[in-house]
Amino acid sequence: MGASRVILPKKLISNPEAMRRALTNGLEAAARAIQVDFGVTTQTWEHGVTFAIEAPTPWQRLIGTSDSIYTMLNEG
């Protein structure tokens, strides 16, 4: 295999606002996908568990729950 080459779209790089939107949209999409994956782990439970998405910084997403049973199982 040869060396990989990075292809950067010129218009996106020259437009910081477009870059910010693209990164934010990617983070939000990934966070929602993780939220769904977490939900799947509890779909057969007798009580509903909700998972919230928080954005403590513009470039960070936290997905979690305050459900005590999920926390106990997750932390052992």
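Some points to look at:
- Rg and Dmax of segment 13-65, based on Cα coordinates, read 14.3, 51 Å.
- Under 15 Å, Cβ to Cβ, from ASN25 - net charge with Lys/Arg +1 and Asp/Glu -1: +2
- Converting phi to 3J(HN,Hα) with the Karplus coefficients 6.51, -1.76 and 1.60 and the offset θ = phi - 60°, segment 42-54 yields 10, 5, 9, 6, 6, 10, x, 10, 9, 10, 9, 10, 10 Hz in sequence order, with x at every glycine or proline.
- Within segment 13-76, chymotrypsin sites (Phe, Trp or Tyr not before Pro) in DSSP loop having at most 12 other beta-carbon neighbours inside 10 Å: TRP45, TRP59
- Karplus (6.51, -1.76, 1.60) ³J(HN,Hα), θ = phi - 60°, over segment 33-41, in Hz, Gly and Pro reported as x: 5, 5, 4, 5, 4, 4, x, 4, 5
- The relative contact order of the chain comes to 21 percent, based on Cα pairs under 8 Å that sit 6 or more residues apart.
- Of VAL36, VAL6, the order by accessible heavy-atom surface (1.4 Å probe, DNA, RNA and ligands excluded), from most exposed downward, is VAL6, VAL36.
The values are calculated or read from the model by the stated rules, or taken from the named source; none is laboratory data. Computed from a predicted structure; not experimentally measured. All Cβ positions, even for glycine, are placed from backbone atoms using ideal geometry, and neighbour counts span all protein chains on display. Surface accessibility is based on the protein's heavy atoms, side chains included, excluding ligands, DNA and RNA. Shrake-Rupley method; radii C 1.70, N 1.55, O 1.52, S 1.80 Å.
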